[in-house]
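Novice: Provided herewith is a single structure, encoded as structure tokens, for subsequent inquiry.
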Amino acid sequence: MVYTVLFPKWWFRVQLTHASQDKQPRRGGKTLIEQLRDRCPTLANPAKAYYVPPWHLPQGDMQTIYLYTQHFKPAGCAIEYEREIFEFADGGKAGIDWALPRQDAGPTTPLIILVPGIGGTSYDYYARSFIHSLRKQLPECQVAVLQSRGCNGVELVTPKAFHGGLTDDLREF
């Protein structure tokens, strides 16, 4: 880990940006940032949040190449999904891939939503391995993968398409 000696910790810091307090969704009476502060203090406190990559993969492009050439294990994380088409108020559609088996949803059942982005799917290794690990640690939670408008087999029926800055759909879901 030579580069951790060469670069100060602030070089690896993570910065979270949050919506205004009135726009933050609430679950169980707490906003997402309040839940992060309680459960993930290193993510909620920028002074403590930093990422040190593995010594042999210091850059993101090297990590991506490694994932697809050395570490891809399709049979290791077999996750099955049930797709639900969610219709938004403006008529747009999103695919919600619920990881099976689904848990009985109550008001206190944790719900974790994974948003893979424009090029990702429910079947990508990182999504499946994340859900697999999550199920081991929190077996009582429900997990959904949000397939946004026009992405991954979801029909684009309105002029409003997915982009990384669009969080309205996630809030409405």
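Novice: How about the range 122-173: which of its residues are touching a Gly at 6+ places or on another chain (Cβ under 7 Å), open to solvent by less than 60 Å² (accessible area, probe 1.4 Å) and within 20 Å of Glu82 (Cα to Cα)?
Specialist: Scanning the range 122-173 gives Ala127, Gln147, Arg149, Asn152, Val154.
Novice: Let me ask something else about it. Is it the case, given these coordinates, that Pro101 is farther than 28 Å from Ile65 by Cα, open to solvent by 60 Å² or more (accessible area, probe 1.4 Å) and either small (Gly, Ala, Ser) or out of contact with any helix residue (DSSP H, G or I) (no Cβ under 7 Å at 6 or more places or on another chain) (or both)?
Specialist: On the way: farther than 28 Å from Ile65 by Cα: yes; open to solvent by 60 Å² or more (accessible area, probe 1.4 Å): yes; either small (Gly, Ala, Ser) or out of contact with any helix residue (DSSP H, G or I) (no Cβ under 7 Å at 6 or more places or on another chain) (or both): yes.
So Pro101 fits the description; yes.
Novice: In the range 122-170, how many are of a type in the set (S, T, N, Q) and either in contact with a helix residue (DSSP H, G or I) (Cβ under 7 Å, 6 or more places away or on another chain) or not in a loop (DSSP other than H, G, I, E, B) (or both)? Step through it out loud before you land on a result.
Specialist: Residues of the range 122-170 that are of a type in the set (S, T, N, Q), as a first pass: 122, 129, 133, 137, 142, 147-148, 152, 158, 167.
Now narrow it down to the ones that are either in contact with a helix residue (DSSP H, G or I) (Cβ under 7 Å, 6 or more places away or on another chain) or not in a loop (DSSP other than H, G, I, E, B) (or both): 129, 133, 137, 142, 147-148.
Total meeting the criteria: 6.
Novice: Here is a follow-up. Somewhere in the range 154-166, is a residue among the hydroxyl-bearing types (Ser, Thr, Tyr) and more than 25 Å from Cys77 (Cβ to Cβ)? Explain how you work it out, then say what you get.
Specialist: We begin by selecting, within the range 154-166, every residue among the hydroxyl-bearing types (Ser, Thr, Tyr); these are 158.
If we keep only those that are more than 25 Å from Cys77 (Cβ to Cβ) too, we end up with 158.
Looking through the range 154-166, at least one residue is among the hydroxyl-bearing types (Ser, Thr, Tyr) and more than 25 Å from Cys77 (Cβ to Cβ).
Novice: If you don't mind, there's one more thing I want to ask. Here's a check for you: in the range 111-120, which residue that is in a loop (DSSP other than H, G, I, E, B) and open to solvent by less than 40 Å² (accessible area, probe 1.4 Å) is modelled with the highest pLDDT? Before you say what the answer is, go through the steps one by one.
Specialist: First pass over the range 111-120, keeping only residues in a loop (DSSP other than H, G, I, E, B): 115-120.
When the remaining residues are screened for being open to solvent by less than 40 Å² (accessible area, probe 1.4 Å), the result is 116-117, 120.
Details: Pro116: 82, Gly117: 68, Gly120: 75.
The selected residue is Pro116.
Per-residue answers, yes or no, for (1) within 27 Å of Gly29 (Cα to Cα); (2) touching a residue at least 24 places away in the same chain (Cβ under 8 Å); (3) touching a Cys at 6+ places or on another chain (Cβ under 8 Å):
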position: Ala99; (1), (2), (3): yes, yes, no
position: Asp124; (1), (2), (3): no, no, no
position: Asn152; (1), (2), (3): no, yes, no
position: Val157; (1), (2), (3): no, yes, no
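Novice: With the structure loaded, tell me whether Asp61 is over 25 Å from Lys136 (Cα atoms), at pLDDT 70 or above, part of a loop (DSSP other than H, G, I, E, B) and out of contact with any Pro (no Cβ under 8 Å at 6 or more places or on another chain) or whether it fails that test. Break it down into steps so the answer makes sense when it comes.
Specialist: Values: over 25 Å from Lys136 (Cα atoms): yes; at pLDDT 70 or above: yes; part of a loop (DSSP other than H, G, I, E, B): no; out of contact with any Pro (no Cβ under 8 Å at 6 or more places or on another chain): yes.
In short, no.
Novice: Hey, another quick one. Just give me the residues in the range 85-97 being among the β-branched types (Val, Ile, Thr), within 25 Å of Lys30 (Cα to Cα) and open to solvent by 30 Å² or more (accessible area, probe 1.4 Å), in sequence order.
Specialist: Within the range 85-97, the subset among the β-branched types (Val, Ile, Thr) is 85, 96.
Subsequent filtering for residues that are within 25 Å of Lys30 (Cα to Cα) retains 96.
Once the filter is applied, which keeps residues that are among the β-branched types (Val, Ile, Thr), within 25 Å of Lys30 (Cα to Cα) and open to solvent by 30 Å² or more (accessible area, probe 1.4 Å), the range 85-97 yields nothing.
Novice: Follow-up question, since we're still on this one. Can you go through Ala78, Ala47 and tell me which one is at pLDDT 70 or above and more than 30 Å from Gly150 (Cβ to Cβ)? Steps first, answer last, please.
Specialist: Working: Ala78 fails: more than 30 Å from Gly150 (Cβ to Cβ).
Selected residue: Ala47, the only one of Ala78, Ala47 that is at pLDDT 70 or above and more than 30 Å from Gly150 (Cβ to Cβ).
The values are calculated or read from the model by the stated rules, or taken from the named source; none is laboratory data. All values derive from a computational prediction rather than experimental measurement. Reconstructed Cβ throughout: ideal geometry from the backbone, glycine too, with neighbour counts over all protein chains shown. Just the protein is used for accessible areas: all its heavy atoms, side chains included, with ligands, DNA and RNA removed. Shrake-Rupley method; radii C 1.70, N 1.55, O 1.52, S 1.80 Å.
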